[in-house]
Amino acid sequence: RESAALTRDVLEQHFNDLKGTLKKLLDERLMSLLQEVDVIEQESIKPLDECQKLIEHGVSTAEDLLREGESAVHGDVGQQNEKLCSFTKKALHIQLDSLPEVPSLVDVPCLSAQLDDCLLTILKNQIFSHGTVASRPPVQLEEFVEKPGGILVRWCKVDDDFIPQDYRLQYRKGTASHFEDVYVGSETEFIVLHLDPNVEYQFRVCARGDGRQEWSPWSIPQIGCTTLVPHEWTTGLEGYSLSSRRNIALRNDSQSCGVLYSKAPTYVCGQTLTFRQVLSGIETVGQPDRRDSLGVCVEQQNGYDSLQRDKAVCVSTNGAVFVNGKEMTNQLPAVTSGSTVTFDMEVVQLGPSSNEGGNFKLRVTISSNNREVVFDWVLDQCCVSLYFGCSFSYPGWKVLVF
C-alpha cells in the first residue's frame, strides 16, 4: 500500500508538471506567432494607408469642386460669371485625372495560419506510450556493512532475464525530501563515506539494461546506519595539511617531519582499515623514501620519523613490510597514485586468559594491488583497538583513510 500510494503521488505529480509545461510551451508558441502577425501587418499596412489617404483627399477635393460648379450653374445671373470664373481657375489647378501608385494585388500580403494536424497524432502516440508501472524492480539491496563513518552497501540482481550494464545507488539522510546520487558504475557494492554515526540513512538502487538509456525502477528503499565513528587524522602536526573532515592528509612542503597518527585508537581488530593514495594538486605522488610508511601501532610515540619501530606494523612506499621495526622478506608492490593498501587483523589469544601480562597474537593481512602478506604479530598485552599512522619525507603524498 505504501509503494502504491507513493507511485500514485509520483504519477500525478509528473503528469501535472507535464500539463503545466505543455500549456506554457503552447502559450509561448501562440504568443510568438501572434507577434509575427503583428509585425507583418504593421510593416505592410503603412504604404496602403498612405495611398488610401491620398485617394480620399483627391475624392474629397473633386466633390468640393463638383458642388461649387453646380452652385455656379444654378446661381443668380449676377453671381454666375464670378462663380464660373472661380470654378474654372480651381479646375485648372486640380489634377483630377491622376491617382497615386496603388500596389498590385499580388504585392499585398494576405496573412493566413498554416497548422499541421499531425502534431496531435504524434503527441497522442507519445503520451499513450509515456510511463510504465513496474511491480518488481530487477535489482535489490542485499547487505549493509558498518564502516567507520560510512556503510558498505551491497546489492544483487533478482531478475534472471535482466542483463545490467550500470548500477545507480542513491541515499538520503533520515526523512529528507530528495535522494542524492552517490555511485554510478558496474560494481555491485560501494562504500558510502562521510556519514554521521547513529543516524539513519535511506538507500535505493536501480540498474540500466545492456544497450539501454533508461533506468529500471528503484529497489525497495532500506535503512542503513553506522555506529562506528569515522577515522580521523590528528590535527596540529606541522608537516601535514588535513581535509575538512580530517580523513585526508596531505604532506606539505614544510621541513618538519614526524609520524602523523590517528586522533584516537579507532581501528578495531576484525575490521578492514584502508589507505588510498589519491592525487594531489600536482596530480603526482611525492618522491619515495625508505622511511615512508603506512600502518598501525599500539600507541602514539613522538620523536620518531617513521612507523618502522617497535609495537607497530607498516608498509613502506616501496612495498617493504616492517614488523616491530624489522623488515620482512615478503614484499608488496610499490605504492603509486591510486594505490590502495588494506589492513585486516584478527586476534588469536595465547597464554593466560587474563589481561595482566598475557601474550596475544594478532594475525595480520596486508593487501595491495591484488597481492597480500599474512603474518602473526605477537604483543605483550591485549590490544584490540589500535592507532593508525603515516609518515612521508617529501611533499606531494596525499592519503585517504577509511
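The values are calculated or read from the model by the stated rules, or taken from the named source; none is laboratory data. Keep in mind that what you see is a predicted model, and the values were worked out from it rather than measured. For neighbour counting, all protein chains shown are included, and Cβ atoms are generated from backbone atoms with ideal geometry for every residue, glycine included. Just the protein is used for accessible areas: all its heavy atoms, side chains included, with ligands, DNA and RNA removed. Shrake-Rupley method; radii C 1.70, N 1.55, O 1.52, S 1.80 Å.
Values computed for the structure shown
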quantity: Given (1) in contact with a strand residue (DSSP E or B) (Cβ under 8 Å, 6 or more places away or on another chain); (2) under 21 Å from P265 (Cβ atoms), index of the condition D310 fails; calculated: (1)
quantity: Breaking point among (1) in a strand (DSSP E or B); (2) open to solvent by 50 Å² or more (accessible area, probe 1.4 Å), for Q213; calculated: (1)
quantity: Test: residue in region 18-35 that is closer than 30 Å to P217 by Cβ, assigned to a helix (DSSP H, G or I) and of a type in the set (S, T, Y); calculated: yes
quantity: Extreme residue, most open to solvent (accessible area, probe 1.4 Å), among residues of region 382-394 that are more than 20 Å from D292 (Cβ to Cβ) and touching a residue at least 60 places away in the same chain (Cβ under 8 Å); calculated: V384
quantity: Filter result for K361 (basic (K, R) and within 19 Å of R291 (Cα to Cα)); calculated: no
quantity: Complete set of residues in region 139-161 that are open to solvent by 40 Å² or more (accessible area, probe 1.4 Å) and either of a type in the set (S, T, Y) or not in a strand (DSSP E or B) (or both); calculated: V158, D159, D160, D161
quantity: Flag for L228 being part of a loop (DSSP other than H, G, I, E, B), under 30 Å from C269 (Cα atoms) and in contact with an Asp or Glu (Cβ under 9 Å, 6 or more places away or on another chain); calculated: yes
